[in-house]
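Visitor: Below are the structure tokens for one structure; questions will follow.
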Amino acid sequence: MQTRPGEKMIDRLDSVEDTKGNNGERGRLIITNLRLIWHSLSMLRINLSIGYSCVINISTKTSQSKLRGATDSLHILTKMQGTRFEFIFTNLIPGTPRLFTSVIAVHRAYETSKMYRDLKLRGALINNKNLRLLPLEQVYDKVNGVWNLSSDQGNLGTFYITNVRLVWYANLNETFNVSIPYLQMKSCRIRESKFGLAFVIETSQQSGGYVLGFRIDPAEKLQEVAKEIQNLQKVYSSCPVFGIEFEVEESPEKMADLTMANVEDDVEIEVIEGQTDSFAAYFADGNKQKDRDPVYSEELGLAIESLKDGFTLQGLWDVLQ
């Protein structure tokens, strides 16, 4: 399993069961600063990856494990494209809380470091004309005389250019500001506008798909500032700073030592249109407000609650088998 730039492994547990989707299957859980990765020890192609940005809640509940019986397990509720999924992991080594403490602590660190990764409008970014620095942040440049072109008359303000983001604030109103992490910059270049040449930043759809324009006089200074920001974004892309700080008591193996080469399984995979069995195994529908309308099932010969979009009756039966 390959990691992306800036992703670091924090902890690894070698005896963890995926109780929800692969009950009775011994596997390995890898905890990184961006996600959880679980894979079966007997069949590597059985695996899953859970990004922390999808996680709604993490709790401890009692579950029924085929390998340990009734025991406390880690329950993770997630949401992706409007659908909720539930994951249950059980540590097969009794008497250790490491599964709970590691996952909960890393997820908390991820949630409290969103300023490194999320675009922020009108936040508490400035204090007495000075940028409130993040723990791993360094200011590289401060540029005065930057016009924000979001309104017809424009607003005069200041740029703070750091190693993780670009911050602009209005000189007359510190609360009128924007923090743009390099991670969310889709493009940044100089373009023509009704105000003349402007430095235009397009953000990712994930951050709202904003188009932000800034003007700096003279044009030579605009070119210089634009080049500096473009170069810093390239440097950040090759080695991102996500802001998730952590400490480990025991140093786990390096991610490169755990990376396994792709092995061609000697099997023939039958592709079925609309196949949703893998997702159905983790489907969580416990928080719905009311039952869906009943429909008649010719297959069962009785009335059943209508299935959620993308799921079939046969697919749900296959999960139980």
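The values are calculated or read from the model by the stated rules, or taken from the named source; none is laboratory data. Keep in mind the model is a prediction, meaning the values are calculated, not measured. Note that each Cβ is placed from the backbone with ideal geometry, even for glycine, and that neighbours are counted across all protein chains shown. All accessible areas refer to the heavy atoms of the entire protein, side chains included, with ligands and DNA or RNA removed. Shrake-Rupley method; radii C 1.70, N 1.55, O 1.52, S 1.80 Å.
Visitor: Looking only at residues in region 65-94 that are without any contact (Cβ under 8 Å) to a residue 24 or more places away in the chain and outside any strand (DSSP E or B), which one is least open to solvent (accessible area, probe 1.4 Å)?
Guide: 82
Visitor: Which of (1) at pLDDT below 65; (2) more than 30 Å from residue 98 (Cα to Cα); (3) open to solvent by less than 90 Å² (accessible area, probe 1.4 Å) does residue 264 not meet, given it meets every other one?
Guide: Result: residue 264 fails condition (3) only.
Visitor: Then there's this: Of all residues in region 125-169, how many are among the small types (Gly, Ala, Ser) and at pLDDT 95 or above?
Guide: Looking only at that region, the number is 2.
Visitor: Let me ask something else about it. Would you confirm whether or not region 102-109 contains a residue that is part of a loop (DSSP other than H, G, I, E, B), open to solvent by 30 Å² or more (accessible area, probe 1.4 Å) and of a type outside the set (Lys, Arg)?
Guide: First, pick out the residues of region 102-109 that are part of a loop (DSSP other than H, G, I, E, B): none.
Checking region 102-109: not a single residue is part of a loop (DSSP other than H, G, I, E, B), open to solvent by 30 Å² or more (accessible area, probe 1.4 Å) and of a type outside the set (Lys, Arg).
Visitor: Restricting attention to region 115-123, does a residue exist that is part of a helix (DSSP H, G or I), open to solvent by less than 30 Å² (accessible area, probe 1.4 Å) and more than 28 Å from residue 211 (Cβ to Cβ)? Steps first, answer last, please.
Guide: So the first thing to find is which residues in region 115-123 are part of a helix (DSSP H, G or I), and the list is 115-116.
If we keep only those that are open to solvent by less than 30 Å² (accessible area, probe 1.4 Å) too, we end up with 116.
Among the residues that remain, those that are also more than 28 Å from residue 211 (Cβ to Cβ) are: none.
No, the conditions are met nowhere in region 115-123.
Visitor: Now for a separate question. Counting only residues that are more than 20 Å from residue 98 (Cβ to Cβ), give me the strands (runs of 3 or more DSSP E) lying completely in region 1-59 with at least 2 of them.
Guide: Those strands (runs of 3 or more DSSP E) span 47-51.
Visitor: Kindly evaluate residue 10 against the criterion of being open to solvent by less than 20 Å² (accessible area, probe 1.4 Å), within 18 Å of residue 244 (Cα to Cα) and in contact (Cβ under 8 Å) with a residue 40 or more places away in the chain.
Guide: Criteria met by residue 10.
Visitor: When you scan region 13-51, how many residues do you find that are in contact with a Leu (Cβ under 9 Å, 6 or more places away or on another chain) and among the hydrophobic types (A, V, I, L, M, F, W, C)?
Guide: Selection size over region 13-51: 10.
Visitor: Restricting to region 281-308, and then to whatever is within 28 Å of the chain's Cα centre (by Cα) and either small (Gly, Ala, Ser) or at pLDDT below 65 (or both), can you tell me which residue is surrounded by the fewest Cβ atoms within 10 Å (Cβ to Cβ)?
Guide: Once the filter is applied, the top-ranked residue is 289.
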